[in-house]
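Okay, so here's the structure we're looking at.
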Amino acid sequence: MKKQVVVIGLGRFGSSVCQELYKMGHEVLAIDSNMERVDANRDHSSHAVIANATDESELKALGVRNFDNAIVAIGDDLQASVLCTLMLKEIGVSKVWVKARDLQHQKILEKVGADRVIQPEYEMGVRVAHHMDSEKIIDYIDLSKDYSIQELTASDKIANRTLAKLNLRERYKIIILAIKRGEDVNIAPVPNDEVQENDVLIVMGHRDDLKRFEEKGI
Ligand code: ATP
Ligand code: ATP
Ligand code: CA
């Protein structure tokens with residue numbers, strides 16, 4: 001479904017969110033106070049405008065109240081980021097996602113009503129660390145303190161065997177959510193499906209069980 005999103009702050013992070021959403025076909029209003037940044041996004045957004053996002057009347061004049069989604073990507077100016085978030089919530093934007101520099105910034109944003117706070121450098125750093133820890137781990141998402149979802153590459157160790165035979169649920173207490181093979185994704189694997197070498201398995205489980213599987217099982 002087509003969404004209406006306003007992206008405020010067109011640094012590297014904001015621009016990439018803006019351009020990707022626009023490519024997907026969503027309506028994207030791109031805002032920055034810097035003319036060059038706005039120009040750079042003109043062909044990659046539905047509308048790109050120069051405005052001060054801490055000026056409530058400017059935001060209202062742009063019709064921001066009609067947007068259900070906003071991304072605030074003003075990283076370095078903490079005051080502007082907090083003020084803008086507060087105003088977007090007051091104007092009535094239902095989902096406001098905000099980029100934060102650090103934990104302190106994150107806490108303030110949560111207090112003023114941000115619906116989701118993202119720390120790209122920190123979050124990407126965690127993912128890269130996991131990938132470096134084990135090259136089998138392609139991607140990694142925390143579900144909670146204890147549980148996560150990982151993408152792991154299958155070696156010949158488990159290749160050419162069915163899920164039933166591998167019995168990972170019993171042996172490791174982990175669940176295979178999907179199997180990727182090249183461009184194909186099997187999103188509901190059944191016991192008779194076979195794993196091949198270099199398949200990417202998307203698995204869910206307790207961190208400790210996943211670690212055990214990654215070290216001994218795959
Ligand atoms: P990057 O993703 O590149 O690391 P960043 O989050 O570190 O970016 P900046 O480099 O500070 O943040 O970029 C934030 C952008 O937000 C800049 O283009 C800046 O012009 C814009 N910006 C800052 N304050 C305002 C404001 N009050 N109104 C509109 N745009 C603003
Ligand atoms: P962030 O992930 O916070 O966005 P960044 O990629 O924007 O960081 P900086 O904030 O410049 O980069 O941080 C780079 C770090 O590298 C700093 O801590 C800096 O002290 C360090 N650094 C820069 N140059 C050198 C150097 N020649 N030798 C050792 N350390 C350096
Ligand atoms: Ca930055």
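Here are the numbers for the structure shown:
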{"read-out": "Dipole in debye (nearest 20) - segment 22-146, about Cα centre, beta carbon charges: Lys, Arg +1; Asp, Glu -1", "value": "280"}
{"read-out": "Where a label projected 7 Å from the Cα of residue 155 along Cα→Cβ would reach, residues of segment 184-206 with amide N under 16 Å", "value": "196-201"}
{"read-out": "Cα lying deepest toward the dipole's positive end in segment 108-218, options 188, 155, 174, charges on Cβ", "value": "174"}
{"read-out": "Computed FRET value (nearest 0.05) for residue 164 with residue 89, which takes r as the C-beta separation and R₀ as 41 Å", "value": "0.20"}
{"read-out": "Pairwise FRET efficiency - residue 198 versus residue 1, Cβ, R0 = 25 Å, nearest 0.05", "value": "0.10"}
{"read-out": "Alpha-carbon spread of the chain, three principal axes, descending order, Å", "value": "64, 34, 28"}
{"read-out": "Residue-normalised accessible area of segment 4-154, expressed per residue, 1.4 Å probe, Å²", "value": "54"}
{"read-out": "Magnitude of the charge dipole, the chain, Cβ model with Lys/Arg +1 and Asp/Glu -1, debye to 20", "value": "580"}
{"read-out": "Principal axes of segment 1-73: Cα extent on each, largest first, Å", "value": "30, 26, 17"}
{"read-out": "Phi to ³J(HN,Hα) by Karplus 6.51 cos²θ - 1.76 cosθ + 1.60 over segment 160-177, Hz, x for Gly, Pro", "value": "6, 10, 7, 4, 4, 5, 5, 6, 5, 4, 6, 6, 10, 6, 10, 10, 8, 8"}
{"read-out": "Rounded to 10°, Cα long-axis angle of helix 120-133 versus longest principal axis of the chain", "value": "20"}
{"read-out": "Integer Hz, Karplus 6.51/-1.76/1.60 couplings in order for segment 71-80, x for Gly and Pro", "value": "10, 9, 10, 9, x, 8, 8, 4, 4, 5"}
{"read-out": "Length gained when the stretch residue 65-residue 107 is fully extended (0.36 nm per residue, less Cα-Cα span)", "value": "12.6 nm"}
{"read-out": "Residue pairs, from the table 2/99; 2/180; 2/95; 23/111; 89/145, whose Cα atoms sit over 21 Å apart", "value": "2/99; 2/180; 23/111; 89/145"}
{"read-out": "Amide H partners (placed H, <5 Å) of residue 100, local residues excluded", "value": "118, 119"}
{"read-out": "Residue 178-residue 141 pseudo-label distance in nm [points 7 Å out on the Cα-to-Cβ vector]", "value": "0.8"}
{"read-out": "For segment 35-113: rounded, prolate or oblate by the Cα gyration tensor [a/c cutoff 1.5]", "value": "oblate"}
{"read-out": "Carbon plus sulfur fraction of accessible area for segment 137-197, probe 1.4 Å, in percent", "value": "48"}
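The values are calculated or read from the model by the stated rules, or taken from the named source; none is laboratory data. Bear in mind that the values here come from a model prediction, so they are computed numbers and not experimental data. A quick note on method: Cβ atoms are made from the backbone with ideal geometry, for glycine too, and the neighbour counts reach across all protein chains shown. Accessible surface is based on the protein model in full, side chains and every heavy atom, while ligands, DNA and RNA are left aside. Shrake-Rupley method; radii C 1.70, N 1.55, O 1.52, S 1.80 Å.
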